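Here the structure comes first, spelled out in structure tokens, and everything after it is commentary.
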Amino acid sequence: MHSDLIDISKQPEFQRLAHKRRQLRVIMTGLMLFVFGAYTICWAYFPSVLNLQVPTNSAVTVGIWFTVVVVVLAILLSAYYALIAGNQLDELNNQLRELVAHDD
């Protein structure tokens, strides 16, 4: 069984799948870190800007809008990841499964 795993890891389909998963994981992690890092830095260093009321004399501040944008971006990035993982990665995984099934 151990030799089967080594053989599978040498397959070009497996290499493509592993590369695509790693690439997607790094890109999505980087984007999420950027979004939440920018959010944290803005709250830490620019609280007076984020506390500005928009429109004037209302209870809604720039910080509330900024938070809404961050949450929406997080949802969109998660949806994009699910879409890519659901389509491209599953297709590559199925190709690899078919290859392994034919080799048995």
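The values are calculated or read from the model by the stated rules, or taken from the named source; none is laboratory data. Note that the structure is predicted; figures quoted are calculated from it, not measured. So basically every Cβ, Gly included, is an ideal-geometry build from the backbone, and we count neighbours across all protein chains shown.
Can you tell me which residue within segment 49-84, out of those that are outside any helix (DSSP H, G or I) and either touching a residue at least 12 places away in the same chain (Cβ under 8 Å) or not hydroxyl-bearing (S, T, Y) (or both), is nearest to L33 (Cα to Cα)? Residue satisfying both the conditions and the ranking: N51. Among residues of segment 16-41 that are within 30 Å of L99 (Cβ to Cβ), those with a Cβ under 8 angstrom from a residue that is at pLDDT 90 or above, sequence gap 6+ or separate chain, pair up as M28/L77; M28/Y80.
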